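Have a look at the structure below, then the notes.
The values are calculated or read from the model by the stated rules, or taken from the named source; none is laboratory data. Note that the coordinates shown come from a computational prediction; the quantities given were computed from them, not determined experimentally. All Cβ positions, glycine included, derive from the backbone under ideal geometry; neighbour counts span all protein chains shown. Areas reflect the complete protein model, heavy atoms only, side chains present, ligands, DNA and RNA absent. Shrake-Rupley method; radii C 1.70, N 1.55, O 1.52, S 1.80 Å.
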Amino acid sequence: MASGQTTIPRIAHFVYGLAPREEPFHLVHYLALASCLERVAPEEIHVHCGRLPYGFYWDLIRPHVQLHRVDPIAQVSDFAYDPFTERYSYAHHADFIRLDVLARHGGLYADIDTLFLTAIPERCWSERAVIGREAHATNENGQRRPSFSNALVMSEPGGEFVQAWRERTVTTFDGSWAEHSCLLAARLAGELPDAVSVEDKRAFHAFEPTPEGLRALMVEAPGDLSGIVSVHLMAHLWWEEWRTEFLEVHGHMIDEHWLRESEATYAVAARGLVPEHREF
């Protein structure tokens, strides 16, 4: 390996535009890309999308990214969902697509509701694959099981871990939220310990998908953020205004004014990335 070269390419991937809702590219999504650009400093950022992004914040970030069209995953489209779960089936398409992208190109994948607080630890780029622990998840039988988040994954091209994960996703997929993704990832990491480095929960997933965890991220003032590389907003749990069981904040509340005025952890951490003032 040449001097300075790493196992994992210094490129970043995001997936966007698979949800059925039509709306401009949101400030939160801009901040995911902008924080990656400024704080991770990859050589390239790639956005893999179904529906093409548009709007003010997309126009701002567009010169800094490479855009690719992706198709829905037939296995996901053909699944017989219940009406509630079907609202979120777009996330299952992204579960498959991220693994295809990483297996083909390698690099860093992050969900588009991520905010990077600091650079990826340098040692991670020299691993074969990287994934982070998250809070235990509940399977379809109500059992709490170890879970490794797929909201941030790194891999070398053709990596053994992501290829095995993609192959097993086909047979494990049952329409549930985590069985084929985060729960399967934890099992595979145990089976292939030499193929993946597992990061502590604090690095990428310090805030849990609970009312308390989301309030700490989106309502309460920051505590000690040392050791936190990125935060995942888990936006599907609160983005829509009617989803109040986790959080009183919703996506339409988060604008430049909110980010500048709020003392919430996310707002404080993102504030330096907010675009310069513009006249409306």
Within region 226-245, can you find the residues that are of a type in the set (Phe, Trp, Tyr) and open to solvent by less than 50 Å² (accessible area, probe 1.4 Å)?
238, 239
Suppose we filter region 169-199 for residues that are among the aliphatic types (A, V, I, L, M), open to solvent by 20 Å² or more (accessible area, probe 1.4 Å) and more than 20 Å from residue 144 (Cα to Cα); how many remain?
2
Residue 132 in contact with a Pro (Cβ under 9 Å, 6 or more places away or on another chain) and modelled with pLDDT of 95 or more:
no
Would you say residue 67 is open to solvent by 10 Å² or more (accessible area, probe 1.4 Å), assigned to a strand (DSSP E or B), modelled with pLDDT of 95 or more and among the hydrophobic types (A, V, I, L, M, F, W, C)?
yes
Report yes if residue 208 is touching a residue at least 60 places away in the same chain (Cβ under 8 Å), of a type in the set (D, E, K, R), part of a loop (DSSP other than H, G, I, E, B) and surrounded by fewer than 18 Cβ atoms within 10 Å (Cβ to Cβ), otherwise no.
yes
Can you pull out every residue in region 138-169 that is within 17 Å of the chain's Cα centre (by Cα) and modelled with pLDDT under 90?
147
Just checking, does region 72-94 include any residue being in a strand (DSSP E or B) and out of contact with any Phe, Trp or Tyr (no Cβ under 6 Å at 6 or more places or on another chain)?
no
Suppose we filter region 15-63 for residues that are outside any loop (DSSP other than H, G, I, E, B) and more than 28 Å from residue 83 (Cβ to Cβ); how many remain?
24
Test for residue 249: is it over 26 Å from residue 86 (Cβ atoms), touching a helix residue (DSSP H, G or I) at 6+ places or on another chain (Cβ under 8 Å) and surrounded by 18 or more Cβ atoms within 10 Å (Cβ to Cβ):
no
What number of residues within region 252-273 satisfy the criterion of being assigned to a loop (DSSP other than H, G, I, E, B) and in contact with a helix residue (DSSP H, G or I) (Cβ under 7 Å, 6 or more places away or on another chain)?
3
What number of residues in region 257-268 are loosely packed, with under 13 Cβ neighbours inside 10 Å and touching a residue at least 40 places away in the same chain (Cβ under 8 Å)?
1
Among the residues of region 215-225, is any under 18 Å from the mean Cα position of the chain (by Cα) and open to solvent by less than 10 Å² (accessible area, probe 1.4 Å)?
yes
